[in-house]
Number of protein chains: 2
Amino acid sequence: MNEITIFAPATIANISCGFDVLGCCLDTVGDEMVVRKVPEKGVKISKIEGVDLPFESDKNVAGVAALALLNEFKKKLDFGFEIDIYKNIKPGSGIGSSAASAAGAVFAINELLNKPFSKLQLVEFARKGEELACGSPIADNVAPAIFGGFTLVKSTNPLNIIELPSLEGLYTTILHPQIEIKTEDSRTILPKKVALTDAVKQWANVGALVHALHTNDYNLFSESLTDFIVEPHRSKLIYGFDKVKESALKAGALGCGISGSGPSIFTFSKNHQIAENVANSLNSIYLKNNIPFKIYISKISTQGIKIINTK
Amino acid sequence: MNEITIFAPATIANISCGFDVLGCCLDTVGDEMVVRKVPEKGVKISKIEGVDLPFESDKNVAGVAALALLNEFKKKLDFGFEIDIYKNIKPGSGIGSSAASAAGAVFAINELLNKPFSKLQLVEFARKGEELACGSPIADNVAPAIFGGFTLVKSTNPLNIIELPSLEGLYTTILHPQIEIKTEDSRTILPKKVALTDAVKQWANVGALVHALHTNDYNLFSESLTDFIVEPHRSKLIYGFDKVKESALKAGALGCGISGSGPSIFTFSKNHQIAENVANSLNSIYLKNNIPFKIYISKISTQGIKIINTK
């Protein structure tokens, strides 16, 4: 295999109660990437379409993640890799744009090298890309991008990722208001300390959510999608959040929260029809504002990154 | 049925990462209770053996819980109930002494009335007993006593109890140092606020623990039994805690923590042999102190309260 074309999915992180640990993978929203072997050694970003991002390998998240992988590959290579990136996920959207690029690059190169690395190792490499993009090697977007479905980052040092079951037929509707939230703002707005009573309610919900996924219990899943800690603060940065949430739940969504550190707002629905109803309701709510926005509907993927083509 | 004899089990609450929400039920450590119909209406505590506790129904946890049940029973009764309590679990031990009495009373009366109430309702009634004993209607001991196995208190208002699967063949070894910890001390030593970074690690562990129970994964169960929030404070109140923990883990325990608010220290083991090895190691450690102590070994029960005899 000399060339591989992949679909690198968008992901939802910070799923309500699971701040910093729970994420899941989208099925039909994401980027395309083509990675091919080339005579020149190392990693070259040869094409970026859709958004304006740096081409230098050590300044591009896909490049940094790819270099982290090659650094751990012990055999000597007499070739290098060229990466074409077709971005659909806008950076700063909150649905794992940098994670898709980082995860996609290491997944593709691993395939071209005949899979010397495990999925867990790929997450480790992809985290280096996240470190470049976010300032810290977060794993809660790259983990669901690589493993698919729902993932729990049990610990980051050592890295321990748990693959959780998904609910049958689960859909997400995502509203992406085209506003910029500065990473610094979304961080500094969070309290360093939280009430123990709130923390207890939060971890009860995390336990309940994991149980709901194992038992395919939509009601419990829905009841567990509450965030006592982060959402009350970060939602202030997203215009109209409370109205959007109210409207989504009224339209039948199982839950609604801030994806990543925003501004995207995710919702979950039991099936495609409800996901469309939710989309319609969010559309009519957000049309009233003077803020451009996008709405995505996708199944939750249990697969993660998908191979589109190989040569 | 006019009389029922039951085994009311001891329970472990505050299981490491699951402070205030995760509990489990012992199989062979607990009290016996006999409850019988008598012509005199209401609830009478007719016998208490083993410890010194009040006989007045409204000052005894079993009485208060029983009265809460009868208060909700809509049909008119032309008889009452008499309760004999044979306590083996010492109050203030941290392994659910008051919960056993409260849960046992309502379970037994429910049987004598042909089970008009659900297990969840029984937990509600038993909580009234806990309120008398601890000052607040905690549910994390009465829930495993009534449901058996591992339980998660998802929320207390409304009460939502989740029955979790247990690990096959799981044993506990419990060290009960015969010291008194004042409830007030065990409460005031806890911080009202906790670091968000610690809370995140804690809820990652709760999620992982629930996953481990669903997948019968002993390693993950063991790795999840870490408490970043409560144990560092409360362990200071229990003489020799750190040495006990170190010794238990060295002897093969999967985890070790403070049961309830102490002073009992629980450990989990994969089988009976390891549980005995742990008991031996705790015994030799604690013999060096001048503090009397007891050690219990028990399987984790999936059954909860057991019926011994009916007439």
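In the protein assembly as shown, the DSSP-assigned H stretches of four residues or longer account for a calculated mean residue ellipticity at 222 nm of -11000 deg cm²/dmol, using -39500 (n - 2.57) per stretch and the full residue count as denominator.
Relative contact order for chain A: 26 percent, from Cα pairs under 8 Å spaced at least 6 residues apart, divided by residue count. Remark: A:Y86, A:Y286 ranked as A:Y86, A:Y286, counting other beta-carbon atoms within 10 Å and listing the fewest first. Taking every residue in A:158-164 and counting other chain Cβ atoms within 10 Å of its Cβ, the average works out to 3.
To the nearest ten degrees, helix B:272-287 and the longest principal axis of the Cα atoms of chain B are 80 degrees apart.
From the alpha carbon centroid of region B:293-311 to that of region B:197-274 is 22 Å. The alpha carbon radius of gyration of region A:153-198, expressed as a multiple of 2.2 N^0.38 Å, is 1.76.
Given R0 = 60 Å, the distance between the Cβ atoms of A:K236 and B:N2 translates into a calculated FRET efficiency of 0.45. Taking the number of Cβ atoms within 10 Å of each Cβ as an exposure proxy, the fewest-first ranking of A:L220, B:L159 is B:L159, A:L220. Among residues other than B:S97 with Cβ under 10 Å from its Cβ, the summed charge is +1 (Lys and Arg +1, Asp and Glu -1). Let me check I've understood the local charge: for A:A126, count other residues with C-beta under 13 angstrom from its C-beta, Lys and Arg +1, Asp and Glu -1. What total comes out? Every neighbour counted, the sum reads -2. Lysine pair count for region B:171-299 (Cα-Cα distance under 15 Å; residues 8 or more apart in sequence or on different chains): 5. Extending 7 Å from Cα along the Cβ direction at A:K75 and again at A:N289 yields two label points whose distance is 5.1 nm. Among B:L152, B:L67, the ranking by other beta carbons within 10 Å of each residue's beta carbon, starting with the fewest, stands as B:L67, B:L152. Size check on region A:171-299: the Cα extents along the three principal axes, sorted descending, read 39, 37, 20 Å. Peptide A:188-201 is shielded by partner chain Cβ atoms: per residue, an average of 5 of them sit within 10 Å of its Cβ.
Between the Cα long axis of helix B:97-112 and the first principal axis of chain B there is an angle of about 40°, rounded to the nearest 10. Remark: label point of A:G169 defined 7 Å out from Cα along the Cα-Cβ vector; separations to the same position in other copies 4.0 nm, ascending. Note on chain B: with a GNM built from Cα contacts shorter than 10 Å, the maximum mean-square fluctuation among B:G149, B:G92, B:G80 falls on B:G80.
Once you divide the Cα radius of gyration of chain A by 2.2 N^0.38 Å, the number left is 0.97. With one equal scatterer per alpha carbon and no solvent term, the Debye-computed log10 I(q)/I(0) for region A:176-240 at 0.22, 0.23, 0.27, 0.30 1/Å reads -0.93, -0.95, -1.04, -1.16.
The relative contact order of region A:1-119, computed from alpha carbon pairs under 8 Å that lie at least 6 residues apart in sequence, is 34 percent.
With label points set 7 Å from Cα along Cα→Cβ, the inter-copy distances at A:G50 are 6.5 nm, sorted shortest first. Computed from Cα atoms, the angle from the helix B:61-72 axis to the main principal axis of chain B rounds to 50 degrees. Remark: spin-label model distance B:T188-A:K306 equals 6.2 nm, labels positioned 7 Å along the Cα→Cβ axis. All C-alpha pair distances within the protein assembly as shown, sorted into 20 Å bins from zero, spread as 20, 44, 28, 8, 1 percent across the bins. For B:K90, the aspartates and glutamates whose Cα falls under 16 Å of its own Cα, not counting residues fewer than eight places away in the same chain, are B:D31, B:E32, B:E49, B:D52, B:E130, B:E180. Over region B:245-292, the pair-distance histogram of Cα-Cα distances with 5 Å bins from zero comes to 5, 23, 29, 27, 13, 3, 0 percent, rounded to whole numbers. With each label modelled as a point 7 angstrom along the Cα→C-beta vector, the A:I179-A:E276 pair spans 3.0 nm. Here is the P(r) of region B:35-151: all C-alpha pair distances, binned every 5 Å from 0, give 2, 13, 25, 26, 20, 10, 3, 1 in whole percents.
Across the alpha-carbon atoms of region A:211-259, the computed radius of gyration and Dmax are 12.0, 36 angstrom. Hey, for a label at A:K115 modelled as a point 7 Å past Cα toward Cβ, could you say which residues of region A:140-155 have their backbone N under 19 Å away? Only A:143-149 fall inside the zone, counting backbone N under 19 Å. Taking the label point 7 Å along Cα→Cβ, B:K294 and its counterparts in the other copies are spaced 6.5 nm apart, in ascending order.
Most simply put, chain A has about 85% antiparallel DSSP beta bridges, counting only bridges with both residues inside it. If only the Cβ of Lys and Arg carry +1 and only the Cβ of Asp and Glu carry -1, the dipole of chain A around its Cα centre is close to 160 debye. For A:G42, neighbours were defined as the other residues whose beta-carbon sits under 11 Å from its Cβ, and their charges (Lys and Arg +1, Asp and Glu -1) total -1. Relative contact order for region B:171-299: 42 percent, from Cα pairs under 8 Å spaced at least 6 residues apart, divided by residue count.
We did not get these values from a lab; they are worked out from the coordinates using the rules stated. Note that the structure is predicted; figures quoted are calculated from it, not measured. Because the Cβ atoms are built from the backbone with ideal geometry, glycine has one as well, and the counts that use them run over all protein chains shown.
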